[in-house]
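What follows is a set of notes on a single structure, which appears directly below.
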Amino acid sequence: MVVVGTALANDSGTVVGTEGFYVDVTEAAIRQLQAGVTAAVDELSRSRAVIEQAKGMLMFAYGVDANRAFDVLVWRSQQTNIKLRELAAQLVDDLTPVTLPTQVRTRVDQLLITAHQRVDHHRS
């Protein structure tokens with residue numbers, strides 16, 4: 001344990017008490033803290049992933065860039081008072097089973113299969 005504190009003095013400068021806190025620096029406490037941080041980072045990654053997926057769906061559906069797709073998600077989140085992550089997850093869940101028309105899927109298939117032929121290897 002580490003004690004972090006400061007003395008409390010009255011108007012004449014006489015110490016009348018202390019205030020502070022204890023910090024548990026045992027291995028068990030550090031492991032618990034690391035586990036909490038890891039869980040928080042994992043949750044953030046999952047939240048970001050679903051938001052990115054929803055953005056991609058909007059980009060494809062509306063032909064907009066990533067910033068505009070994000071703006072649309074933020075706008076709907078604010079208008080409906082639903083957390084952005086929850087709105088994005090619902091949109092992904094709702095759109096995932098949707099099958100594109102055959103003509104669109106065929107074109108996406110063609111582009112995916114031949115994309116390597118159009119890649120500009122000189123880009124940074």
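Would the range 105-120 turn up any residue that is at negative phi, surrounded by 15 or more Cβ atoms within 10 Å (Cβ to Cβ) and among the small types (G, A, S)? So far as the range 105-120 goes, no, none of its residues is at negative phi, surrounded by 15 or more Cβ atoms within 10 Å (Cβ to Cβ) and among the small types (G, A, S). When each of T114, T99 is tested for being more than 23 Å from the chain's Cα centre (by Cα) and in a loop (DSSP other than H, G, I, E, B), the lone residue that passes is T99. If I filter the range 48-71 for residues that are surrounded by fewer than 16 Cβ atoms within 10 Å (Cβ to Cβ), farther than 19 Å from P97 by Cβ and in contact with an Asp or Glu (Cβ under 9 Å, 6 or more places away or on another chain), do I get at least one hit? Yes, there is a match, as at least one residue in the range 48-71 is surrounded by fewer than 16 Cβ atoms within 10 Å (Cβ to Cβ), farther than 19 Å from P97 by Cβ and in contact with an Asp or Glu (Cβ under 9 Å, 6 or more places away or on another chain). In the range 13-29, the residues that are within 15 Å of V2 (Cβ to Cβ) form no Cβ pair under 7 Å with any partner that is outside any strand (DSSP E or B) and among the aromatic types (F, W, Y), whether six or more places apart or across chains.
Scanning the range 8-45 for residues that are assigned to a helix (DSSP H, G or I) and either within 16 Å of the chain's Cα centre (by Cα) or of a type in the set (D, E, K, R) (or both) yields E27, R31, V37, T38, A39, A40, V41, D42, E43, L44, S45.
Going by the structure shown, is Q78 under 19 Å from the mean Cα position of the chain (by Cα), part of a helix (DSSP H, G or I) and not aliphatic (A, V, I, L, M)? In short, yes. Taking the conditions exactly as written (under 29 Å from R46 (Cβ atoms) and β-branched (V, I, T)), does V64 satisfy them or not? Taking the combined requirement at face value, the residue satisfies it. Of all the residues in the range 11-62, those that are over 29 Å from V104 (Cα atoms) and aromatic (F, W, Y) number 2. Within the range 46-72, residues that are part of a helix (DSSP H, G or I) sit with their Cβ atoms under 8 Å from residues that are among the aromatic types (F, W, Y) and surrounded by 15 or more Cβ atoms within 10 Å (Cβ to Cβ), at 6+ positions apart or across chains, in these pairs: I51/F70; K55/F70.
Only the coordinates and a few stated rules stand behind these numbers; no lab work does. From a predicted model like this one, the values you see are computed outputs, not experimental measurements. All Cβ positions, glycine included, derive from the backbone under ideal geometry; neighbour counts span all protein chains shown.
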